[in-house]
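*Asks:* One structure coming up, written as structure tokens, with questions to follow.
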Amino acid sequence: MLAGAPGAGKTLLAERLPSILPPLDEQAALEVSALHSIAGTLPRDRPLITDPPYQSVHHTCTVAGMVGGGSTRVVPGAISRAHRGVLFADEIAEMQRAVLEALREPLEAGEIVIARASGTVVFPARFLLVAAMNPCPCGRAGTAGGQCTCTPDARRRYTQKLSGPFLDRMDLRLAIHPVGRAELFGAEPGESSASVRDRVLEARDRAAHRFADQPWSTNAQIPGSALRSDFAPAADSITDIEHRYQNGTLTARGYDRLLRVAWTLADLTARPRPGPEEVGIALAFRQGLPGQLAA
């Protein structure tokens, strides 16, 4: 979840994300290509999709457009067309509440079940959701020199459209600040996407090696029971999140998601197990949104 003023670079970050993801393996490429063939979006010159797909949805998207459907033939929605890739939902606080709630099941299960009178269809939908929102309806709250024209009640209604259970499924909640003039006009070229992708590939390889004897291969797939036992960080690393769980500001789902992010941070830095630093960074990434308490 990226929250920040218009023009801060939220869309730019989302659009660049597929460029640092590993290419699809054979099984994933077949799954993605089949879904796009059913949806009628398979490129004519590329019958096998080998790069992670990117789907962007407008805030006016309907439930059927998001999850799939159809009166005569059931076709995959945006979440299934983003399977094994990235789904970008811009202005997510402007979306219909029903559309947001429809995302909860596939975010947890990795698939969507569509029931019609003629039968039931199950489409895979294991995607990386990137959502973007302004800090308030006018978009100027918290900006340097910004004069927000929204009332406190309007700001509260704007952020409360995102329910607690929905936000609990977001691993990272980040405030995005506009770059200053010096960064905009005089910044040195940053690290290339290819270099970042190499680090991601190395981290994926470390995870796959660690899980060689397990039925899963990535940190996102580790069940909660294993995260809290065989793959638990050292006891002194999780004191803070244990306290938050005990006082009710962190749910069991949020607890597990924090540990998965901490494992990913450890893999990116070639550390054998998450320590206090990785757990602390994972907690900082889950900092909450304007008008919301961190959880």
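*Asks:* Name the single residue, out of those in the stretch 122-136 being of a type in the set (A, V, I, L, M, F, W, C) and in a loop (DSSP other than H, G, I, E, B), that is farthest from residue 81 (Cα to Cα).
*Replies:* 136
*Asks:* Here's another thing I want to ask about it. Of the residues 115, 109, which single one is modelled with pLDDT under 95 and within 24 Å of residue 173 (Cα to Cα)?
*Replies:* None of the others qualify; the one that does is 109.
*Asks:* Please indicate, with yes or no, whether at least one residue in the stretch 179-191 is hydrophobic (A, V, I, L, M, F, W, C), over 16 Å from residue 2 (Cα atoms) and open to solvent by 80 Å² or more (accessible area, probe 1.4 Å).
*Replies:* Looking through the stretch 179-191, at least one residue is hydrophobic (A, V, I, L, M, F, W, C), over 16 Å from residue 2 (Cα atoms) and open to solvent by 80 Å² or more (accessible area, probe 1.4 Å).
*Asks:* Please determine, by comparing only the residues of the stretch 209-227 that are of a type in the set (A, V, I, L, M, F, W, C) and in a loop (DSSP other than H, G, I, E, B), which one is most open to solvent (accessible area, probe 1.4 Å).
*Replies:* 212
*Asks:* Given the structure, is residue 84 farther than 23 Å from residue 160 by Cα and touching an Asp or Glu at 6+ places or on another chain (Cβ under 9 Å)?
*Replies:* Yes, satisfied.
*Asks:* Let me ask another. Can you tell me how many residues within the stretch 52-61 are at pLDDT 95 or above and either of a type in the set (S, T, N, Q) or touching a Pro at 6+ places or on another chain (Cβ under 9 Å) (or both)?
*Replies:* 5
*Asks:* A follow-up question, please. Suppose we keep only residues that are assigned to a strand (DSSP E or B) and under 15 Å from the mean Cα position of the chain (by Cα) within the stretch 84-121. Which one would you say is farthest from residue 64 (Cα to Cα)?
*Replies:* Top of the filtered list is 86.
*Asks:* Something else now. When the stretch 11-53 is examined, which residues are found to be among the hydroxyl-bearing types (Ser, Thr, Tyr) and not in a loop (DSSP other than H, G, I, E, B)?
*Replies:* Within the stretch 11-53, 11, 19, 33, 37 qualify.
*Asks:* Test residue 64 against the stated conditions and say whether it is more than 20 Å from the chain's Cα centre (by Cα) and under 20 Å from residue 108 (Cα atoms).
*Replies:* Considered against the rule, which asks whether it is more than 20 Å from the chain's Cα centre (by Cα) and under 20 Å from residue 108 (Cα atoms), residue 64 comes out as yes.
The values are calculated or read from the model by the stated rules, or taken from the named source; none is laboratory data. Computed from a prediction, not measured in an experiment: that's the story for all the values here. So basically every Cβ, Gly included, is an ideal-geometry build from the backbone, and we count neighbours across all protein chains shown. Keep in mind that these areas ignore ligands, DNA and RNA; they rest on the heavy atoms of the full protein, side chains included. Shrake-Rupley method; radii C 1.70, N 1.55, O 1.52, S 1.80 Å.
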